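Heads up, the thing below is written out as structure tokens.
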Amino acid sequence: MAKVTIDDITIEVPDGTTILQAARMIGGHVVPPAMCYYTKLKTSGGYCRTCLVKVEQGSEKDPRPMPKPVASCRTTVMDGMVVRNTTSPEIQEARAGVVEFLLLNHPLDCPICDQAGECHLQDLSYEHGKEGTRFEFEKRTFDKIDIGEKIQLHMTRCILCYRCVKVADQLTDERVHGVMNRGEVSEISTYIEKAIENDFSGNMIDVCPVGALTDKTFRFKSRVWYTKPMYAHRDCDKCSGKTTLWYQGEDVLRVTGRKDVYGEVEDFICNTCRFDKKLTKDWVIEGPAEIDRHSVIIQNHTEKLIPKEQVQILPNLPGVDFTKKIES
Amino acid sequence: MGKKLLLQNIDVPGINTYEVYRKTGGYKSVEKVLEQKNPDAIVEEVKKSGLRGRGGAGFPTGMKWSFLAKPEGVARYLVCNADESEPGTFKDRYLMEKIPHLLIEGMITSSYALGANTSFIYIRGEYFYVLRILEKAIKEAYENGWLGKNIKGSGYNLDLYVQVGAGAYICGEETALLESLEGKRGNPRIKPPFPAVAGLYGCPTVVNNVETIAAVVPIVNDGGDAYAAVGVERSTGTKLISASGHINKPGVYEIEMGVPVEEFIYSDEYCGGIKNGKKLKAVVAGGSSVPILPADLILKTAAGNPRLMTYESLADGGFATGTMLGSGGFIVMDETTSIVKNLWNFSRFYHHESCGQCSPCREGTGWMEKILHKILHGHGTIKDIDLLWDIQSKIEGKTICPLGDAAAWPVASAIRHFRKEFEEYVNNPESIQDVKHYFNVHNVAEA
């Protein structure tokens, strides 16, 4: 076991835990945001740099601070480590910088983006972003491409978190999905367009933190905050069959995995459940899904909202004050 | 003339062939280590020599070697980093082109010290003709029994391969190099684990620069103490400097550590002074990524002491008034040079070479280049200069690998020391005439 102190809160965690995981065990405002890390995907994380934290004391044995901010998702804790996240102005500044970089070439087309409302980049920019942009050049754009029949890739919105690449590497059987080119113009792609035909490829949509990978059966049907999420399950021979159905009136508009507060799915689901079972009679409904994320998506579901304790720590985050809206 | 340890035989005709190299005392170090049969003693000698990594970071080589994990039954690898892509640096090319056998001898000796039975030289794609030279030399070494099974009857086996890169600066970063060597996309890995624990194919690996490995030969031949006697303080031995820019005698020079910078620039033994009798304006002392220094600060430290060609002296004053020895790419600029234009050229390079894995570098390098392009063409504002400063501070130290730092440092130092010149570009754009032909090249990455 290792004792680690994050923002003056001490917790004991098993050896080998990352700083991010330790922070999630504490919960609340000490948790650094993570755009590329995904617990269920091996070797994910380290790319987006939003989860940077300052290590003030390396460990009990070697109390020297780490010279640079470290990616909390890929740095394991040491006994006696002292970490600063929200209590370090330097880190807040660095994070604001990273958010600015992520938004630099992002089209900010939220009004026509299907992800809006449950988008992690949207949340991140509300919490850590600046008003306006200092980038005055033309943004880079890409053509939309179809990868498989049911998935559309809109590379212009991509932040290159590599999560979908890890899904393709680790969940599906053939490696046909990856990154091409380099630097600013690197892009997610398949070797041959439309080549992803695989039972679990749809999970790319779930892991995508932005609106780059979208469900073609749901595109432009509705806005997420107009839909009502219900937990449901069915007997499936490929996956656990545990899903969230998103209803508008009587219609199931889309099916996704069940996501936790960090947007990570409980179980990866198969494409049959996701794309083909869109009738209430296909499913056993369990009841309304709980959404405990601070996102636009909760705005029409305030009755189901976040426990009070969690709400109170929000004012620590710069930017929009969510508390007022929730209380009114 | 200063003492030479690497290039002393460079002018012997035919030194690139095995016979001549052998006649001038080549492969003696291999004979010595195979006779002594004590790999740890070689590591000790290297530690004693004080040799520091010649690729740029200057990490003590002996220490790096002693960090190598040695689990039972797991292969160890030595990889030579010949992906010399830093703008302004061409010393490794010269060495490999002229005396390829020196590198091969160093590789055998070092591999023996580390207990590696398979070693690699990863060479950049642009050095294709050097690859041919190396391959020929390796063939000669195999034919004469210096490589292969049971080398000279010692029972030690070593296979040496040359792998050619596909032309990416980032593959000079050691973990990206290993990825590329494994046949993957050349993206830097997230450390830890360090290569000494899990490197090539997950096995313990040491990655060393060409010059570092070549320097092992004189260390083994003459002993670590003799090597440490050359140079000053913690900068021991000799260093290859690639001198370029506005000087009378550009080229590769082997210097003893501790030569004053002033002597290096002005003496006839080395650079031979500034071309056409012009005045010195600035120097980039160790390859494009190290901070640029104005003439007064490169010749003398902020405290007024003469600046020497050593790791410590060049770094004196930190980044506020100092720089780094880096890889030894010594770029001299005379009074006619435009710092802004030069900086844009560097930034364009880093924009083009960013691997795109982590966001600050991927987005920031392009942004800086665009702003510099704007300033260079007379459309800049004072706010743009401050913005550049802010962007570089948000890249430096926030990225996975040092490419982010390498892109940020030149920008920071140019603004720190030459802010007036940037302001001149902003305030009097009509006085600038020399940039028109660059107008359409800025989108090289997209092209």
Quiz prompt | Whole-Hz ³J(HN,Hα) from phi, Karplus 6.51 cos²θ - 1.76 cosθ + 1.60, for segment B:61-75, glycine and proline x | solution = 5, x, 5, 4, 5, 6, 6, 4, 5, 10, x, 5, x, 10, 5
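Round to a whole number: what % of the accessible area of the protein assembly as shown belongs to carbon and sulfur, probe 1.4 Å? Provide the component values of the computation, followed by the final result.
Values: 16040 of 31190 Å².
In the protein assembly as shown, the share of accessible area belonging to carbon and sulfur is 51 percent.
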Quiz prompt | Dipole magnitude of the protein assembly as shown, debye to nearest 20 (Cβ charges: Lys/Arg +1, Asp/Glu -1, about Cα centre) | solution = 380
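Classify segment A:2-100: rounded, prolate or oblate, from the alpha-carbon gyration tensor (a ≥ b ≥ c, eigenvalue square roots; a/c under 1.5 rounded; otherwise prolate if a/b is larger than b/c)? Intermediate results must be reported in sequence, preceding the final value.
On the way: a/c = 1.56, a/b = 1.19, b/c = 1.31.
Oblate is the answer for segment A:2-100, as a/c is 1.5 or above yet b/c matches or exceeds a/b.
Taking the Cβ of residue B:2 as the centre, find all other residues whose Cβ is under 13 Å away and add up their charges (Lys, Arg: +1; Asp, Glu: -1).
Working: positive: B:3, B:4, B:239; negative: B:254, B:256, B:263, B:269.
Combined, the nearby Lys, Arg, Asp and Glu give -1.
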Practice problem: Please build a GNM for chain B, connecting alpha carbons under 10 Å apart, and tell me which residue among B:81, B:150, B:208 fluctuates the most. | Solution: B:150
Self-check item: Amide H within-cut-off set for residue A:252, under 5 Å, with H built and near neighbours excluded
Solution: A:280
Quiz item: Non-local amide H neighbours of residue B:162 (under 5 Å, H modeled in plane, Pro and chain starts lacking H): which ones?
Solution: B:121
Self-check item: Where segment A:2-100 is the region considered: accessible area per residue in Å², 1.4 Å probe
Solution: 39
Quiz item: Which of the lysines could a cross-linker span from residue B:3 if the Cα-Cα distance has to be under 22 Å and same-chain partners fewer than 8 positions apart are dropped?
Solution: B:23, B:28, B:47, B:48, B:91, B:98, B:239, B:249
Quiz item: FRET efficiency for residue B:319 and residue A:144, Cβ-Cβ distance as r, R0 = 30 Å, nearest 0.05?
Solution: 0.10
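What does the extension gain come out to for residue A:237 and residue A:134, with contour length at 0.36 nm per residue minus their alpha carbon separation?
31.9 nm
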Practice problem: Would you mind giving the total buried accessible surface between chains A and B, with a 1.4 Å probe and ligands, DNA and RNA left out, rounded to the nearest 100 Å²? | Solution: 3000
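Please report the antiparallel percentage of the DSSP beta bridges confined to the protein assembly as shown, to the nearest 5. Could you put the intermediate results ahead of the total?
Working: 56 of 80 bridges.
DSSP beta bridges in the protein assembly as shown are roughly 70 percent antiparallel.
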Quiz item: Once the Cα atoms of helix B:128-143 and of chain B are each reduced to a long axis, what angle between those two axes, in degrees from 0 to 90 to the nearest 10, is obtained?
Solution: 10
Quiz item: Roughly what % antiparallel, to the nearest 5, for the DSSP beta bridges in segment B:115-261?
Solution: 60
Quiz prompt | In order through segment A:197-210: 3J(HN,Hα) via Karplus (6.51 cos²θ - 1.76 cosθ + 1.60), integer Hz, x for Gly, Pro | solution = 10, 7, 5, 10, 4, x, 5, 4, 5, 5, 7, 5, x, 10
Practice problem: Can you spot the lysines whose alpha carbon is less than 17 Å from residue A:54's alpha carbon? Ignore those fewer than 8 places along the same chain. | Solution: A:3, A:68, B:191, B:394, B:398
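Report the far tail of the P(r) of segment A:224-294, meaning the percent of Cα-Cα pairs longer than 20 Å. The partial results should precede the final answer.
Values: 520 of 2485 pairs.
Tail of the P(r) past 20 Å holds 21 percent of the pairs.
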Quiz item: In debye, nearest 20: dipole of chain B around its Cα centre with unit charges on the Cβ of K, R (+) and D, E (-)?
Solution: 360
Quiz item: Which three lengths, in whole Å and largest first, does the protein assembly as shown cover when its Cα atoms are put on their principal axes?
Solution: 89, 69, 51
Quiz item: Spin-label point model (7 Å from Cα, Cβ direction): what's the residue A:12 to residue B:19 distance in nm?
Solution: 7.6
Quiz item: In segment B:188-202, which residues become less accessible by 30 Å² or more once every protein chain is in place, relative to the chain on its own, using a 1.4 Å probe?
Solution: B:190
Practice problem: Can you spot the aspartates and glutamates whose alpha carbon is less than 18 Å from residue B:152's alpha carbon? Ignore those fewer than 8 places along the same chain. | Solution: B:19, B:31, B:35, B:105, B:140, B:143
Quiz prompt | Whole-number D in µm² s⁻¹ for chain B, Kirkwood Cα-pair radius fed into Stokes-Einstein, 10 °C, 1.306 mPa s | solution = 70
Quiz item: Given +1 on the Cβ of Lys and Arg, -1 on the Cβ of Asp and Glu, and no further charges, what dipole in debye does segment A:2-100 carry about its Cα centre, rounded to the nearest 20?
Solution: 380
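Which of the trypsin sites (Lys or Arg not before Pro) found in segment B:1-99 are in a DSSP loop and have at most 15 neighbouring Cβ atoms, other than their own, within 10 Å?
Numbers: sites: B:3, B:4, B:22, B:23, B:28, B:32, B:37, B:47, B:48, B:52, B:54, B:64, B:76, B:91, B:93, B:98; in loops: B:3, B:4, B:37, B:54, B:76.
Passing both the DSSP loop test and the Cβ count: B:3, B:37.
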Quiz item: Any idea which of B:373, A:165, B:26 is furthest toward the positive side of the dipole for the protein assembly as shown, if Lys and Arg beta-carbons carry +1 and Asp and Glu beta-carbons -1?
Solution: B:26
Practice problem: Starting at the first residue of segment B:163-176, write each ³J(HN,Hα) from the Karplus equation 6.51 cos²θ - 1.76 cosθ + 1.60 with θ = phi - 60°, in whole Hz, x for Gly and Pro. | Solution: 10, 9, x, 10, x, 10, 4, 4, 6, x, 6, 4, 6, 5
Quiz item: How far is helix B:403-427 tilted, in degrees, relative to the longest principal axis of the Cα atoms in chain B, given as a value from 0 to 90 rounded to the nearest 10?
Solution: 30
Quiz prompt | C-alpha long axis of helix B:359-376 to longest principal axis of chain B, angle in ° | solution = 50
Quiz item: What accessible area per residue, rounded to a whole number of Å², is obtained for segment A:123-252 using a probe radius of 1.4 Å?
Solution: 46
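Counting only helical runs of four or more DSSP H residues, what would the 222 nm mean residue ellipticity of chain B come to if each run contributes -39,500 (n - 2.57) and the total is spread over all its residues?
Details: 18 runs with 190 residues, N = 447.
About -12500 deg cm²/dmol.
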Practice problem: Name the long-range amide H neighbours of residue A:151: under 5 Å, sequence gap of 5 or more, or other chain; modelled H, no Pro or chain starts. | Solution: A:216
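The values are calculated or read from the model by the stated rules, or taken from the named source; none is laboratory data. Keep in mind that what you see is a predicted model, and the values were worked out from it rather than measured. Reconstructed Cβ throughout: ideal geometry from the backbone, glycine too, with neighbour counts over all protein chains shown. These accessible areas exclude ligands, DNA and RNA; they are computed on the full protein's heavy atoms, side chains included. Shrake-Rupley method; radii C 1.70, N 1.55, O 1.52, S 1.80 Å.
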